[in-house]
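The values are calculated or read from the model by the stated rules, or taken from the named source; none is laboratory data. The shown structure was predicted, so the numbers you read here are calculated from the model rather than taken from an experiment. Cβ coordinates were reconstructed from backbone atoms using ideal geometry, including for glycine residues, and neighbour counts include every protein chain displayed. Heavy atoms of the whole protein, side chains included, go into the accessibility calculation; ligands, DNA and RNA do not. Shrake-Rupley method; radii C 1.70, N 1.55, O 1.52, S 1.80 Å.
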Amino acid sequence: MNLPKQPWVQKLTTREVLLLIMTTLVVIGVGYYKLEYEPLAAKRDNIVKQTEQITESLHGFELALARSSPEQLVAQIQQVNDQISALREEIRVTKASMTENVEGIVRALSKQAKFHRAEMLSLNSRETEVEVSGVRYKQVMLALSIKSDYQGVGRFVQSLKEVPAVLSIQNLKIDRTRDTHPLVKTEMIIQLFVL
């Protein structure tokens, strides 16, 4: 007669059964932690970070909107338009003053010197053609020597702003020697820009 065999579980001692149950519980717990809890926690952390970034962006956007009302934007646009108009007018005036011919400028300088009681001793000029960003103009260097008193030099330099040209003084040298006493000899280099 065949007797049924005892299952292997029945052969285990109580201690072994407890260890088996504890091992099974630990394996199930670790499996749940690694396979379920960790991925869900990572997803949750990712969602929290994205939510924080969106909240910061939204907060920054709200601050920007609060700072710039439509009235302020319109005022800023009008201010920029006014600045552009002022620059265009300045460019127009500068171009208009650059259209004078060199001979006319030299005559104006001579008149200014005579008017301020300065004797013009010499005048030399050198012209060069310049092209910048598609705009062609002449750069004229005038080497000028005059004889006058100190006040005459000051008045002559002040009067240069009345000359119809875009100009700058590149060099100014005043000498007072025994030969020129009580007057001074002034040498200057004036740079002109003419279209």
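Things to note:
- Between helix 102-115 and the chain there is an angle of about 60 degrees, using the helix long axis and the longest principal axis of the Cα atoms.
- Expected 222 nm ellipticity per residue - DSSP helices of 4 or more, -39500 (n - 2.57), all of the chain, to 500: -18000 deg cm²/dmol
- To put it simply, the accessible area of the chain at a 1.4 Å probe is 58 percent carbon and sulfur.
- The label point for Glu89 and the one for Lys43, both projected 7 Å from the Cα toward the Cβ, are 6.7 nm apart.
- Remark on the chain: ratio of C-alpha radius of gyration to 2.2 N^0.38 Å is 2.82.
- Inter-site label distance for Ile174 and Ser122 at 7 Å from Cα along Cβ, in nm: 2.1 nm
- Förster radius 35 Å - calculated FRET efficiency between Glu131 and Ala66 (Cβ-Cβ, nearest 0.05): 0.10
- Residue-level accessible surface for Phe61, protein heavy atoms, 1.4 Å, Å²: 120 Å²
- The GNM of the chain, with springs linking C-alpha atoms under 10 angstrom apart, assigns the highest mean-square fluctuation among Val30, Val166, Val153 to Val30.
- For the chain, the longest principal axis of the alpha carbon atoms and the long axis of helix 150-159 meet at an angle near 60°.
- With every protein chain in place and a 1.4 angstrom probe, the accessible-area ranking of Lys43, Lys138, largest first, reads Lys43, Lys138.
- On Cα atoms only, tilt of 38-67 relative to the major axis of the chain in degrees: 30 degrees
- Averaged over its residues, the chain has an accessible area of 78 Å² per residue, based on protein heavy atoms and a 1.4 Å probe.
- Cut-off under 5 Å, modelled amide H: who pairs with Ala118 long-range: none
- Most mobile listed residue (Tyr150, Tyr37, Tyr137) in the chain, GNM with C-alpha springs under 10 Å: Tyr37
- Spin-label pair Thr23-Lys111: with each label point 7 Å from Cα along the Cα-Cβ axis, the two points sit 11.6 nm from one another.
- Each of Ser125, Ser69 has its accessible area taken with a 1.4 Å probe; listed largest first, they run Ser125, Ser69.
- Between Glu36, Glu89, Glu119, the GNM of the chain built on Cα springs shorter than 10 angstrom shows Glu36 fluctuating the most.
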